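J.: My structure is below; once you've seen it, I'll send some questions.
The values are calculated or read from the model by the stated rules, or taken from the named source; none is laboratory data. Worth saying up front: this structure is predicted, and the values here are computed from it rather than measured. Note: accessible area is taken over every heavy atom of the protein model, side chains too, but ligands, DNA and RNA are not part of it. Shrake-Rupley method; radii C 1.70, N 1.55, O 1.52, S 1.80 Å.
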Amino acid sequence: MTLQHPVVLFDLDGTISDNSVGITNGIVRALAHFGITIDPAEAGRYIGPPLRVVFPQLGVDPARVEDAVSVYRQYYDHIGWAENVLYDGVAAVLRALVASGRTVATATSKPDVSARRILEHFGLAENFQYIGAATLDGRRDHKHEVVAHTLEVLGVDPDDAVMVGDRSHDVEGARMAGVGACIGVTWGFALPGELEAAGASPIVADAGQLARALSVELS
């Protein structure tokens with residue numbers, strides 16, 4: 001199955017780069033601030049959804065969620081963002097898409113300032129026509145809000161876009177924003193069967209398969 005949509009939207013964490021160390025360290029520190037102990041491996045299961053959704057699930061009083069987000073960001077903005085590595089071959093896929101004339105953008109639940117910082121750090125920002133992301137103040141936080149905003153900025157119809165992501169909320173958020181096509185990648189943080197249950201199709205295991213699914217050739 002190949003998808004030739006003119007617009008390709010990418011999730012960031014778990015899809016383009018592995019920032020699991022920085023994110024889990026930030027979550028662990030934020031929870032410790034409230035006397036909540038969690039194993040980093042368990043914290044890793046919550047990578048993907050917005051922090052304002054995650055922290056109540058991990059025991060933070062809903063009235064203190066903004067405090068938890070603040071503690072997390074104190075760590076992440078200074079240290080955590082750089083505890084990050086690119087997934088093999090994804091940069092080549094991005095370059096191939098741009099060379100083929102496709103419009104490439106992000107649609108990430110990470111705040112826009114962090115998303116841009118990471119992509120510039122890896123020298124990838126120039127591949128994206130727009131870096132679609134959440135806002136620090138939570139006005140645009142959920143995946144469907146980010147996807148809808150990104151499509152609006154690009155001025156494209158949802159039917160012309162395909163989403164690439166590693167978690168069920170990427171698939172579900174894209175669908176809520178009108179994007180029916182979503183490629184799931186297995187190198188991220190999805191639990192076994194998560195992408196299949198969400199309806200991602202196709203599901204790919206490496207950058208070569210992703211390139212083929214998007215009808216581009218890697219040089």
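J.: When the chain is treated as a GNM, springs tying every alpha-carbon pair under 10 Å, which of Ile183, Ile27, Ile79 comes out with the largest mean-square fluctuation?
T.: Top of the fluctuation ranking is Ile79.
J.: To test your reading of the geometry: what angle, between 0 and 90 degrees and rounded to tens, separates the Cα axis of helix 143-154 from the longest principal axis of the chain?
T.: The angle comes out at about 50 degrees.
J.: Provide the solvent-accessible area of Asp137, counting protein heavy atoms only and rolling a 1.4 Å probe, rounded to the nearest 10 Å².
T.: For Asp137, solvent-accessible area is about 90 Å².
J.: Build a GNM of the chain with springs between Cα atoms under 10 Å: which of Phe128, Phe34, Phe189 gets the top mean-square fluctuation?
T.: Phe34
J.: Could you derive backbone 3J(HN,Hα) for region 79-94 from the dihedral phi with the Karplus parameters 6.51, -1.76 and 1.60 (θ = phi - 60°), listing whole Hz in sequence and x where the residue is Gly or Pro?
T.: Residue by residue, region 79-94 yields 10, x, 4, 8, 7, 8, 9, 6, 6, 4, x, 5, 4, 5, 5, 4 Hz.
J.: OK, next. Using Stokes-Einstein with the Kirkwood hydrodynamic radius over Cα pairs, what translational diffusion coefficient do you get for the chain at 25 °C and a viscosity of 0.890 mPa s, in µm²/s rounded to a whole number?
T.: The estimated diffusion coefficient comes to 142 µm²/s.
J.: Based on the alpha carbons, how large is the Rg to Rh ratio for region 89-186 when Rh follows Kirkwood?
T.: 0.94
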